[in-house]
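Heads up, the thing below is written out as structure tokens.
Read the figures in this text as sums done on the coordinates, not as results from a lab. Just so we're clear, the structure is a prediction, and the values are computed from it rather than from any experiment. Cβ sites come from the backbone with ideal geometry, for glycine too, and all protein chains shown count toward neighbours.
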Amino acid sequence: MTSVQAHDAMTSVLAKAQPLLAQQPMTRAEVLADDPIWLILLKVVALFGFGVIMTLFMINWERKVVARMQHRTGPNRVGPNGWLQSLADGIKLAFAEEIIPTSADRKVYWLAPVISATPAFVAFSVLPFGPQVSIFGEQTYLQLVDLPVGVLVVLAASAVGVYGIVLGGWASGSPYPLLGALRSAAQVISYEIAMGLSLVAVILYAQSLSTGDIVDAQRNGWFALLLLPSFVIFVVSMVGETNRAPFDLPEAESELVGGFHTEYSSLKFALFFLAEYVNMVVLSGFAVTLFLGGYMAPWPISAIGDGYFNTGWWPILWFVAKMMIFLFLYIWLRGTLPRFRYDQFMRLGWKVLVPANLVWIVMIAGVRAINTSTEVTTGQKVIFGAVAILLIVLLSLLIPERRIEDDDSVPTTGGGYPLPPLDLEVPKLTPRQAALEKDERRRKRKERAEVGAGSSTGTDATGKEADDGNV
Amino acid sequence: MTSFSQAAMVLAQQGGEDVVGTGEAVAFWVLGPLSLAGALGMVFVRNAVHSALCLVVTMLSFGVLYMVQSAPFLGFTQIIVYTGAVMMLFLFVLMMAGRDSADSMVEVLRGQRLLAALFGIGFATLVVSALARSLVNVQAQAPPDPYDAAGGGGAGGLGRLIFTEFLFGFELTAALLIVAALAGIVLAYRDRREGQKRSQRELVEARFRGDYKRRSPYPGPGVFATGNSVATPALLPDGSIARESLSDLIESTNTARLIAEHDRVLGSQTEHDDARALLGGESGETGESEQEGEAK
């Protein structure tokens, strides 16, 4: 519902930007706003198909790669080399029996998977897949819309998409999904801030919020190289935003059964699944657009034939190939890293990613201001740099030295896990043990005195011991 | 699409005149009632989460209305900030409070109704006067061009205005937010003095130093157990009961009976060797201070 409206709004906004007289070369947005309705429908269908097919492919690829990493075979029964396994699973899932818990809030329970899946597809609309091409004689760009705020569309879509997870967990009416939903809510609030901040540097350098302009701005160098810290933070928060391992706390299988989707089955569960994978694809594409030069060919290829491989339909190949790198990264992370504990995860978000990002933004804003200003001479720049380095060195002196370990602590060898050293001397009694020992002795003495008083013999002693047995 | 572009052309030609395009009108008549319904629903729906959802609908409609008004930046920011972050926090709190928790009928704040009525009337006056003024006095302007990165309705123009003309108001709002955030931190802060609660590492070290009788956790249900409840005692490989797994705190376990049974099975033998393997103590009769140690 909202997606349709949003689309209407987008197109109307676009239409307004369209000039009456198109004498100068049309901009990307103008060309796209000029698309006939059949072309728009074609693009929408193509994007939807791309999302679904990528999902089916990703599930299979993930299973195969993870299997390989664990020295297993992975799916190899359905279709050639098992590549149709996820399709078979999907069909099965669609016809599976649907079970709705009696304690579920039916309306919200029904709505949640839809809210989860729709925004994921909406975010596809602003990703530029390629430059200007001709489709059935119509000049157009391989992109659905080019909004002046395209970057924000992806952020907004992921923000709305989380509602599906949170509401699904709440509406299920059982504790595990609720815990998953709570985690998800906290997670998305924390990591969206980190993600939004990591975009600031890119926007600063591209001077635009539009995805198409950002790709064009990377003609001379990828932002991943120029803005490496932003790139790293974006990739970390991207994994956090999609609830994937090692940040898959909302559905932590070993703690929360299935997390937010524990009570879901059949098609509704399939929708959650679809949403997760489409989100992965979208954010991978987004990362490519922002940091890896979008659909442009990588360097040695881009130099061939005066940029021939950056024209026509070729760029789709580069875009998808770069996207695959990120998708593989997702799988690799899942196969390698254990899940974060919740507090560690929050600490990483709020105490590492956000502050580091803020410092970095201030730094590049300063550097840019100095670089673009005409009044600053090279000599002054050198002095600025020297002062900055001096300040950093002075500040580093303020960092307190590592606390010296007290001699009382248990010696550890390797890995931080306390292990007895080879030359272990069994320690003498600690004060506490000594006190306990004393207590013990006093009690024994008392007991002996009682026995001496002549009440009974051995059996009583064992009975006493049974009472003392630890609990 | 064609109707939209026609409307846009009409709009572009008319410039600053007071004309509403077809697309805009359609969007308004769809979204206006929707946002109103959402707002009313928020007030009247019983369930707190449903109420929050109604508010989400209103906010989303507003966001789309902004976009239709050639302010896409504002529209998407509205969706990201209000729908994405603020309402998510609301939902978070509502879920923490519990699914079926009803509103308390006891008023905690004194004079709340009076203040609410006063502020409500004041706010209504403000809104009505602003609306009246906008209908009478204000000249309609041509919509700013959102594609113009430097000025106009995009992020650039907004940023310029915020940091020049409206700087004072902006800084004031920022100060208010910072004060609110600090207040939140102060209210929620709990002083954890050192030594009050040991960290995982400190606890491990204390265990290995020997401050506790037992270095490992208590035994779980075990391989031969028929259930994994804490009320079910753990079984040792010979089928006897691991006495460490019996808890005084759990009433449903008949601890006395099980201990007696344990002793009967073992006969005169005081302890099973394996059962004591994980205990730090030398012999079997060191267990009584265990609870004390763990409680510390």
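Worth pointing out:
- Relative contact order for chain A, counting Cα pairs under 8 Å that sit 6 or more residues apart, in percent: 16
- Inter-probe distance in nm under a simple model that places probes 7 Å from Cα toward Cβ, at residue B:134 and residue A:425: 8.2
- For the peptides B:63-71, A:363-371, residues were scored by their other Cβ atoms within 10 Å and the scores averaged per peptide; the highest-first order is B:63-71, A:363-371.
- Furthest towards positive pole of dipole, A:385, A:344, A:273, structure part chain A, Cβ charges: A:344
- Spin-label pair residue A:97/residue B:124, simplified geometry with 7 Å Cα→Cβ offset, distance in nm: 5.6
- Estimated from the Cβ-Cβ distance and a Förster radius of 51 angstrom, the FRET efficiency linking residue B:175 and residue A:83 is about 0.30.
- Neighbour-count order for B:46, A:443, fewest beta carbons within 10 angstrom listed first: B:46, A:443
- Treating r as the C-beta distance of residue A:299 and residue B:254 and R0 as 60 Å, the FRET efficiency rounds to 0.20.
- Ranking of A:242, B:232 by neighbouring Cβ atoms within 10 Å, starting from the fewest: B:232, A:242.
- Between the stretch A:266-281 and the stretch A:288-358, the alpha-carbon center distance in angstrom: 21
- Extending 7 Å from the Cα toward the beta-carbon at both residue A:365 and residue A:68 defines two label points whose distance is 4.5 nm.
- When the pairs A:428/B:197; A:438/B:197; A:107/A:268; A:438/B:213 are compared against a 19 Å limit on Cα-Cα distance, A:428/B:197; A:438/B:197 fall above it.
- Alpha-carbon Rg with Dmax, taken over chain A, Å: 30.6, 118
- Ranked by how many other beta carbons lie within 10 Å on average, peptides A:145-153, A:28-36, A:195-203 from highest: A:145-153, A:195-203, A:28-36
- Taking a ≥ b ≥ c as the square roots of the eigenvalues of the Cα gyration tensor, an a/c ratio of 1.5 or more together with a/b no larger than b/c marks the stretch A:89-134 as oblate.
- To the nearest ten degrees, helix A:37-69 and the longest principal axis of the Cα atoms of chain A are 30 degrees apart.
- Diffusion coefficient, µm² s⁻¹, Stokes-Einstein with Kirkwood Rh over alpha-carbon pairs of the stretch A:233-276 at 25 °C and 0.890 mPa s: 221
- Taking the stretch A:191-294 and dividing mean pair separation by its residue count, relative contact order in percent (alpha carbons under 8 Å, at least six apart): 34
- Residues A:401, B:251, B:202, A:241 in ascending order of nearby Cβ atoms (within 10 Å, fewest first): A:401, B:251, B:202, A:241.
- Label-reachable residues, the stretch A:303-331, where backbone N falls under 15 Å from a point 7 Å from residue A:225's Cα toward its Cβ: A:303-304
- Rounded, prolate or oblate (a/c below 1.5 giving rounded, otherwise prolate when a/b exceeds b/c) for the stretch A:27-165 by Cα gyration tensor: oblate
- The order of the peptides A:74-82, B:236-244, A:123-131 by mean Cβ neighbours within 10 Å, most packed first, is A:123-131, B:236-244, A:74-82.
- Extent along principal axes [Cα atoms of the stretch A:255-319; Å; largest to smallest]: 56, 23, 14
- Shielding of peptide A:182-191 by partners, expressed as the average count of other chain Cβ atoms within 10 Å per residue Cβ, is 3.
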